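Everything on this sheet refers to the single structure shown next.
The values are calculated or read from the model by the stated rules, or taken from the named source; none is laboratory data. Every value quoted in this text rests on a predicted model; they were computed, and no experiment measured them. For neighbour counting, all protein chains shown are included, and Cβ atoms are generated from backbone atoms with ideal geometry for every residue, glycine included.
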Amino acid sequence: MTQKNYDAIVIGAGHNGLTNAAFLAKAGLDVLVLEKNDYTGGATVSRELYDGWKYSNCSYVCSLFRPEIYNALDLGRHGLKVVPLTASMTFKQDGDYFGSYSNPNIRRRELMRHSQRDADAAVRFDADIMRWCRLIRGFLLRTPPDPGSFKPRDAFEFAYLLKKFYELSETQIYEFIRFFTMSIAEYLENYFENETILAHYSGGSIIGTGLGVYSPGTAYVLLHHAMGDVDGNVGAWGFARGGMGAVSGSLASALLSYGGEIRNESEVAQILVSGNKATGVRLTSGEEITAKTIVSNLDAKRTFTTVMDEKDVPPYVLERARNFKIRGSSGKLNIALDGMPTFPALPKDSPLTLGHMHFTDTLTRLERAYDDWKDDRWSADPYCDFLIPSQYDPTLAPPGKHMATVFVQYCPVEPDGGWSDVKRDQFGQVVIDQIADYSPDFKDLLLHAEIRTPRELEDEVGLTQGNIFQGELTFDQLMFNRPFPGYAQYRGPVKGMYMCGSSTHPGGGVMGAPGANAAREILRDLGKPDTTPEEFSDD
Amino acid sequence: MNIDHTHFRQALQRTPFHDRYAAMSTTEHWATWNTYKVPYVVDKLSTEYFSVRSGCSVMDLTPMEKYRIEGKDAFAYLDRLLTRDLSKLRPGRVTYVAWCNDDGKVIDDGTLFQLDENTYRLCSQHHQLDWLLMSAAGFDVQVAVETHDIAALAVQGPTSYSVLTAAGIHGLDDLKPFGIKDLQCNGFPVTVSRTGYTGDLGYELWTDPDNALALWDAIFAVRGQYDIHPIGLDTLEMVRIEAGFIMPGFDFNCAEATVRNGYDRSPYEVGLGWVVHLDKGHFTGRNALVAEKARHAKRRLTKLVVDGNKPVGEAFIYAGKNGKQVGEVKCTTWSPILKANLAIADIELRNGKLPQSLWARFDYQRELKWNTAWAECHAQTKPFYSPEHKSATPPNPF
């Protein structure tokens, strides 16, 4: 049997790899996606690890996924449905809570319940955040310009960037620069005075980052969590029906419909290079597959230090890859529940259980949680993003039963003496204890918990250090600096080799944008028609 | 204000007058105003409109934001905050005011009530506590929200004086426009100001929420003698346009809530130059406004009478029929009393002047079919409708 020749091979069947492959296949390329696991989706999966329950066991909510990609790949017809979440909340230690409701009248009254001034300041806050979101969103589906290049396209893209920037007023430009470099706590203190409100809105800024609420650069991460939308409701999050596997499942289905192929249990050991050109890949099984275009969905560190032969990588790139900031800081619990837990602090019929639930009500507690991580300990009093998606989605648990997902900040890459299963379970117990402080029947309802530390995220998914964004979202690693200066346009250091993961612009979150942007560059290099969508413009 | 944990069960709050409104509502056509449930129309729009212009209308003003400002530095604080010269304001008087951010863009407008020497009430359309407190630094002044602690009712129309007198509120004879008086109504205190948003004779009544229903009932007790109607936001929109009053957040963006650069407006651009007194001493936004005054204004909210009787709705304004697009209509109404199409439009100026000829291009529907129309527009500087009886003191009795 002769080995089939592919036009392109995508390494890793994460959502970006699948997005990339789908756009390449749509342009008529013969595309093969290689996945090391026996399931597709990378960190965008629904897995049945306990009989009858489906876990979105890595990424768990959906907001950033670009509607342009959804539309261009016809994902609705491939089965994707994203149902908006209607609330978020923070439990207070004194028995009260702060809720952020989706109804604007209720949201305002709840803010007023905690601070009249903050309720009014929210008008200014919302306008300012919307301004920065609008600015950033215009760049999500564009290839970052190389500011040092004189190529017409770079000059054009850089001019576009400057134009967008100079659409701001002078004061707004200063404010935007401040926003990019400030800590979330200091940024929010420009608006709010109430401790719980400050803690509530800070949380999104530390998710997935090795930074604390007082660390410079965290204000931007807030934007990363606020700039998504569900049907135009900016900042809204949604649940993919069927779990996050529905996102990768619909992408895979679109890819197959364009004639693409996916091979699971096919781990790439090395990208083959000859004469500074990519020629194919060798699998861990020894099998070699040839293609002139090789796209890595793996993070930049893994791509250049593991699956490429170091000899094939220029010293500059290798050095940057080794020093790429990709610190693991998060853990995750996926829980099967025998019924719906109760929360005595909440009035009967409160809609707040339908959204994100948090248990950290002061900035000080958030900062202390970070202090533990810096000392290579998991947070004794962690920040948890706790959701029970089975309230919306009957496909996740048997009738009357529930599935809970808990994202945990912070969890060290390696605690003192390294991880063991015992330590992993101790970490999980801290989280379960925190939830049980606010839900007395929670422990009794607990049937099964999958506990994931950075160790599991790295070993199973392949994310270096278990960093969920494939690299910190700090200013030094964003836009034309992502993953490193000179390599932000999705092309690798050898001809025919590309990157399409969250290590590239615009970064992590289940957006699909890196995959689509990389496809655009590949198709351009191959002289093929561009199948990737332009951004939907607001104006 | 005490807010219960279960407030989420009712998206819209009820004002102290709500039970009466609900009982009289045949349309059940409700709007949201500052988290409260208020009517668009209670029963019949034309009847409600004419109650303002020919009889007596009653409208719940409780949702309007109200701030109490008091303290030794209250005047100095307001003098710095507001663009208007307040030196002529006296206790028992009201004045119309606007305030700007540092860039000289309008944050909101409103009415300022001087209740006594060092006590004021500022009423505004939008939420202002954030800005009012930010501006209070260094002043010996207390700012508190009293929106939800005062029941407010606008009683407006040519017979409003007679209705209130018949309802037992005595002492209105010598109350001049923009005056305030503390009076009694059947044994409970009511503060009455001769103010309003209708351009007709009218009063605004302020009382404790516990007295709200008694106040309503006292007024409606004389309904047999006078034609009195509760009205909603739809009527208010018609009469405020006739009176030439602008509405921040609808006719222009409030500065602090504006997202896009250049989408906010200066007081000169919205026709509020008359409440800006650059010579009164320093105030917030003054430097920017001095600079702006020295240039030609770029645009202005302009009152337009639009020819014809087709509903104008959303429209662009052109310099001449088929000319250059120079503006857009922000609000519009058919005026039953003038039998004319009225509009307020944001129009670009050239060398500080309006284009000579203004035309509106708009789409209208007839039996589901869309048509396009052109209509000539005539700019006005005065209110479209301003009856003499509005300011007579004592008011004409009926």
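Tabulated results
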{"item": "Options A:Arg134, A:Arg142; residue that is surrounded by fewer than 20 Cβ atoms within 10 Å (Cβ to Cβ), farther than 15 Å from A:Pro389 by Cβ, within 22 Å of the chain's Cα centre (by Cα) and within 11 Å of chain B (Cβ to nearest Cβ)", "result": "A:Arg134"}
{"item": "Any hit, the range B:68-79, residues being closer than 20 Å to B:Met247 by Cβ, part of a strand (DSSP E or B) and away from every other protein chain (no Cβ under 12 Å)", "result": "no"}
{"item": "Helices (runs of 4 or more DSSP H) (entirely within the range A:152-229) containing at least 1 residues that are more than 26 Å from the chain's Cα centre (by Cα)", "result": "A:152-166, A:170-181, A:195-202"}
{"item": "Any chance B:Arg20 is basic (Lys, Arg), touching a helix residue (DSSP H, G or I) at 6+ places or on another chain (Cβ under 7 Å), surrounded by 18 or more Cβ atoms within 10 Å (Cβ to Cβ) and more than 14 Å from chain A (Cβ to nearest Cβ)", "result": "yes"}
{"item": "Flag for B:Ala11 being over 30 Å from A:Gln172 (Cα atoms), at pLDDT 95 or above and within 14 Å of chain A (Cβ to nearest Cβ)", "result": "no"}
{"item": "Contacts under 9 angstrom Cβ, first residue in the range A:266-285 being more than 20 Å from A:Lys36 (Cβ to Cβ), partner among the polar types (S, T, N, Q), 6 or more apart", "result": "A:Val273/A:Thr279; A:Thr279/A:Thr290"}
{"item": "Subset of the range B:237-263 that is under 12 Å from B:Asp346 (Cα atoms) and within 14 Å of chain A (Cβ to nearest Cβ) - its residue that is surrounded by the fewest Cβ atoms within 10 Å (Cβ to Cβ)", "result": "B:Tyr263"}
{"item": "Flag for B:Gly104 being in contact with a Gly (Cβ under 8 Å, 6 or more places away or on another chain), assigned to a loop (DSSP other than H, G, I, E, B), over 15 Å from B:Thr191 (Cα atoms) and small (Gly, Ala, Ser)", "result": "yes"}
{"item": "B:Asp227 under 23 Å from B:His29 (Cα atoms), in contact with a Phe, Trp or Tyr (Cβ under 9 Å, 6 or more places away or on another chain) and acidic (Asp, Glu)", "result": "yes"}
{"item": "Residues located in the range B:318-332, provided they are touching a Pro at 6+ places or on another chain (Cβ under 9 Å) and β-branched (Val, Ile, Thr)", "result": "B:Val326, B:Thr332"}
{"item": "Of the criteria (1) more than 23 Å from B:Gly262 (Cβ to Cβ); (2) of a type in the set (A, V, I, L, M, F, W, C); (3) modelled with pLDDT of 90 or more; (4) within 27 Å of the chain's Cα centre (by Cα), which one A:Ala127 fails", "result": "(1)"}
{"item": "Pair list, Cβ < 7 Å and 6+ apart or interchain, from the range A:3-28 residues that are hydroxyl-bearing (Ser, Thr, Tyr) to residues that are part of a loop (DSSP other than H, G, I, E, B)", "result": "A:Tyr6/A:Asp30; A:Thr19/A:Gly512"}
{"item": "Subset tally (residues that are at pLDDT 95 or above and within 14 Å of another protein chain (Cβ to nearest Cβ)) for the range A:319-349", "result": "5"}
{"item": "Verdict on B:Leu289 being more than 14 Å from every other protein chain (Cβ to nearest Cβ), touching a Gly at 6+ places or on another chain (Cβ under 6 Å), surrounded by 21 or more Cβ atoms within 10 Å (Cβ to Cβ) and at pLDDT 95 or above", "result": "yes"}
{"item": "Some residue of the range B:124-137 being of a type outside the set (Asp, Glu) and away from every other protein chain (no Cβ under 14 Å)", "result": "no"}
{"item": "Given (1) in contact (Cβ under 8 Å) with a residue 60 or more places away in the chain; (2) more than 14 Å from chain A (Cβ to nearest Cβ); (3) surrounded by fewer than 24 Cβ atoms within 10 Å (Cβ to Cβ), number of the condition B:Leu215 does not satisfy", "result": "(3)"}
{"item": "Candidate set: the range A:35-66, residues that are in contact with a helix residue (DSSP H, G or I) (Cβ under 9 Å, 6 or more places away or on another chain) and among the hydrophobic types (A, V, I, L, M, F, W, C); chosen: the one nearest to A:Val408 (Cα to Cα)", "result": "A:Cys58"}
{"item": "Residue match in the range B:207-214 (condition: part of a strand (DSSP E or B) and in contact with a strand residue (DSSP E or B) (Cβ under 6 Å, 6 or more places away or on another chain))", "result": "yes"}
{"item": "Only one of A:Ser115, A:Ser100, A:Ser88 that is away from chain B (no Cβ under 13 Å) and either in contact with a Leu (Cβ under 8 Å, 6 or more places away or on another chain) or of a type in the set (Ser, Thr, Tyr) (or both)", "result": "A:Ser88"}
{"item": "Residue within the range B:85-94 that is in the same structural domain as B:Leu213 (by TED's automatic domain parsing), within 30 Å of B:Asp174 (Cα to Cα), among the hydroxyl-bearing types (Ser, Thr, Tyr) and at pLDDT 95 or above present", "result": "no"}
{"item": "Candidate set: the range B:366-398, residues that are without any contact (Cβ under 8 Å) to a residue 40 or more places away in the chain and within 30 Å of B:Gly320 (Cα to Cα); chosen: the one surrounded by the most Cβ atoms within 10 Å (Cβ to Cβ)", "result": "B:Asn371"}
{"item": "Residue among A:Glu189, A:Glu175, A:Glu157 that is more than 22 Å from B:Thr258 (Cβ to Cβ) and within 14 Å of chain B (Cβ to nearest Cβ)", "result": "A:Glu189"}
{"item": "Residue in the range A:5-13 that is on the phi > 0 side of the Ramachandran plot and surrounded by fewer than 24 Cβ atoms within 10 Å (Cβ to Cβ) present", "result": "no"}
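Conditions tested, residue by residue: (1) over 30 Å from A:Leu473 (Cα atoms); (2) under 28 Å from the mean Cα position of the chain (by Cα).
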{"site": "A:Ala254", "(1), (2)": "no, yes"}
{"site": "A:Tyr258", "(1), (2)": "yes, yes"}
{"site": "A:Glu267", "(1), (2)": "no, yes"}
{"site": "A:Ser274", "(1), (2)": "yes, no"}
{"site": "A:Arg282", "(1), (2)": "yes, no"}
{"site": "A:Glu287", "(1), (2)": "yes, no"}
{"site": "A:Ala291", "(1), (2)": "yes, no"}
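Residue by residue, here is whether (1) part of a loop (DSSP other than H, G, I, E, B); (2) in contact with a Pro (Cβ under 6 Å, 6 or more places away or on another chain); (3) within 20 Å of B:Ile231 (Cα to Cα) holds:
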site: B:Gly110; (1), (2), (3): no, no, no
site: B:His126; (1), (2), (3): yes, no, no
site: B:Leu153; (1), (2), (3): no, no, yes
site: B:Leu172; (1), (2), (3): yes, no, no
site: B:Ile180; (1), (2), (3): no, no, no
site: B:Gln184; (1), (2), (3): no, no, no
site: B:Val192; (1), (2), (3): no, no, yes
site: B:Thr195; (1), (2), (3): yes, no, yes
site: B:Asp200; (1), (2), (3): yes, no, yes
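One line per residue, one yes/no per condition, for (1) crowded, with 22+ Cβ neighbours inside 10 Å; (2) in a loop (DSSP other than H, G, I, E, B); (3) without any contact (Cβ under 8 Å) to a residue 60 or more places away in the chain:
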position	(1), (2), (3)
A:Pro341	yes, yes, no
A:Pro344	no, yes, no
A:Pro347	no, yes, yes
A:Thr360	yes, yes, no
A:Arg377	no, yes, yes
A:Pro398	no, yes, no
A:Ala404	yes, no, no
